[in-house]
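Worksheet for the structure shown next.
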Amino acid sequence: MIPAEQTSDNPNFERFQTICRDAGLKLTPQRLEIYNELAVARDHPSAEDIFHRVRRRMPTIALDTVYRTLTTFESIGAIARVDVADDRARFDAELGPHHHCVCARCRSIKDFQWETFDILGMPKETSAWGRLMDKQVVLRGVCRDCLRKEADSEG
């Protein structure tokens, strides 16, 4: 069971509950633990990361349960998948407008805001493609920590 203080501090929890309720999805203790772990994470964890963290509190949870739950949450729009050009899917509970910087070396992901981009309309060329549901920027590069490690190893 998720302690009340963890869910009450999460501004997205009410939206999550509404999305699940509208989709007819029961909020089981396992689903709540998985969502809460993702909601408090700032590192955009993979299913395996979430599994290991949740397992500390729920030793009987299965990795398959975590995978299926994240897939379900994503399919109903309760969480988002972050594409990082990696072999593991990464997830984000923050559904508000934001973008990601991805380190090509350590694969860390950091959120950032870009209001100027967010208010731009979609290019005319995209209307012929179909219906767009979202727009996000993923910037790839090398994070400050990896640059620092590189400089230390050279010096």
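Residue count for the range 21-37 under the criterion of being of a type in the set (Ser, Thr, Tyr) and not in a helix (DSSP H, G or I): the result is 1.
So which of Thr60, Thr116, Thr126, Thr72 is β-branched (Val, Ile, Thr), under 26 Å from Thr18 (Cβ atoms) and either in the same structural domain as Thr18 (by TED's automatic domain parsing) or over 17 Å from the mean Cα position of the chain (by Cα) (or both)?
Details: Thr60 fails: under 26 Å from Thr18 (Cβ atoms); Thr116 fails: under 26 Å from Thr18 (Cβ atoms); Thr126 fails: under 26 Å from Thr18 (Cβ atoms).
After ruling out the rest, the residue left standing is Thr72.
In the range 89-98 there is at least one residue that is under 14 Å from Ala47 (Cβ atoms), of a type in the set (A, V, I, L, M) and within 17 Å of the chain's Cα centre (by Cα).
Out of Ala89, Ala85, Ala93, I need the residue that is among the aliphatic types (A, V, I, L, M) and farther than 27 Å from Gln30 by Cβ. Which one? Even if it seems obvious, please write down each step before you answer.
Values: Ala89 fails: farther than 27 Å from Gln30 by Cβ; Ala93 fails: farther than 27 Å from Gln30 by Cβ.
When all the criteria are applied, what remains is Ala85.
Taken over the range 11-49, the residue count meeting the criterion of being without any contact (Cβ under 8 Å) to a residue 60 or more places away in the chain and either farther than 25 Å from Arg88 by Cβ or among the small types (Gly, Ala, Ser) (or both) is 16.
The values are calculated or read from the model by the stated rules, or taken from the named source; none is laboratory data. Small disclaimer: the values here were computed from a predicted structure and weren't measured. Glycine also receives a Cβ, built like all others from the backbone with ideal geometry; neighbour counts cover every protein chain displayed.
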